[in-house]
1. Would a scan of the stretch 265-283 turn up a residue that is at pLDDT 90 or above and more than 26 Å from the chain's Cα centre (by Cα)?
2. Can you report the number of residues in the stretch 185-200 which are buried (at least 16 other Cβ atoms within 10 Å of the Cβ) and aliphatic (A, V, I, L, M)?
3. Can you tell me which residue within the stretch 144-200, out of those that are part of a strand (DSSP E or B) and without any contact (Cβ under 8 Å) to a residue 60 or more places away in the chain, is farthest from Arg98 (Cα to Cα)?
4. For the stretch 27-62, how many residues meet the condition of being in a helix (DSSP H, G or I) and either within 16 Å of Asp8 (Cα to Cα) or aromatic (Phe, Trp, Tyr) (or both)?
5. Would you point out the residue of the stretch 25-39, among those that are under 20 Å from Pro271 (Cα atoms) and buried (at least 19 other Cβ atoms within 10 Å of the Cβ), that is modelled with the highest pLDDT?
6. Mind checking which residues of the stretch 201-217 are surrounded by fewer than 17 Cβ atoms within 10 Å (Cβ to Cβ) and free of Cβ contacts under 8 Å to residues at least 40 places away in the same chain?
7. Among the residues of the stretch 54-91 satisfying the criterion of being modelled with pLDDT of 80 or more and in contact with a Gly (Cβ under 7 Å, 6 or more places away or on another chain), which is surrounded by the fewest Cβ atoms within 10 Å (Cβ to Cβ)?
8. Determine whether the stretch 237-246 contains at least one residue that is within 22 Å of Ala176 (Cβ to Cβ) and surrounded by fewer than 22 Cβ atoms within 10 Å (Cβ to Cβ).
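The values are calculated or read from the model by the stated rules, or taken from the named source; none is laboratory data. All values reported here derive from a predicted model rather than from experimental measurement. Here the Cβ positions follow ideal geometry from the backbone for every residue, glycine too, while neighbour counts run over all protein chains shown.
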Amino acid sequence: MSPETGPDPQDLLVLLAVSRTGRFTSAGASLGLNHTTVARRIGALERSLGGRVLSRAAGGWEPTELGHRALRAAAGVEEALAQLGPDEADARITGVVRMSATDGFSAFVAAPAVARLQREHPLLRVELVSVTRRALQHRSGLDVEVVVGRPEVHRAEAILLGRYVLGMYASREYLAAHPAPAAVEELGEHPLVYFIDSMLQVDDLDAPRRLVPGMRDSLSSTNVFVHVEATRAGAGIGFLPCFMADRHADLVRLLPGEIAETLSYWMVVRPESLAQPAVAAVVDALRRQAAALRPALLGEPAAAPSITPPGGVGASER
């Protein structure tokens, strides 16, 4: 293919597949091609365009500036082909959507949102990696990322999904054995159940060490479900998302008027991924689910179980 005749549309579609998966083998599997054929078509596209369309990154292949221009044309080819398919009313969303999100969001927002979407589109597959980290600058192989705090990203769209509140919680059993803190300063007399400080990658999640620097670490973990269960077991006072802690009647929220840290969930999606019907459907499902769960995410009283704290303690629940 010479530059005078322009790129082959099939080569553009191959580039589109590689950009979505970050790997030649995965792109080939989605197109029914082997690795060698994918490499050959990318090479032909680069000769046609007169430059590199892909570059090596930590997680796989990333589009170059020229590649991003080619991807816009590839998206147009894909859209034109889709118009030749079945009517929208009969169309089924298929394919694999790969996403990452924090543990709590994955379980309580993403999982039910995806399950509801799959009832309408049973051929849709979603691969969900649970991880708490800042947004990646090179996100090969991921269609959607959900992170805590506003991300600084390039060549991607950052979408605010919603806000959530964290508070200090203790188990009823713990409060029966230890004086409940009546003021923020008294929290320093209790052990903290939270993330491992040296492994925490998200600055916004460092609130307890900022709000109550005197609290000593008790049981620390990279997993928020461990925080909840350790707090329920009496390992100390846990700094927990209200939408997770309020599900348990044996947990009591402490000093809600003084300790209520509001953080935000953001979704990061590349434009070429968002152009896929499957990714767009998952993104919409996540936004609707987050909106529906807003009261619980914010720890509002109506969203929580009705529980009564032990008499005489300076505690309240949401």
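1. no
2. Selection size over the stretch 185-200: 4.
3. Pro191
4. So the answer is 14.
5. In the first step, residues of the stretch 25-39 are kept if they are under 20 Å from Pro271 (Cα atoms); the result is 26-27, 30.
Still in the running and buried (at least 19 other Cβ atoms within 10 Å of the Cβ): 26-27.
Working: Ser26: 78, Ala27: 82.
That would be Ala27.
6. Selection gives Asp206, Arg210, Pro213, Gly214, Arg216, Asp217.
7. Leu66
8. No, every residue in the stretch 237-246 fails to be within 22 Å of Ala176 (Cβ to Cβ) and surrounded by fewer than 22 Cβ atoms within 10 Å (Cβ to Cβ).
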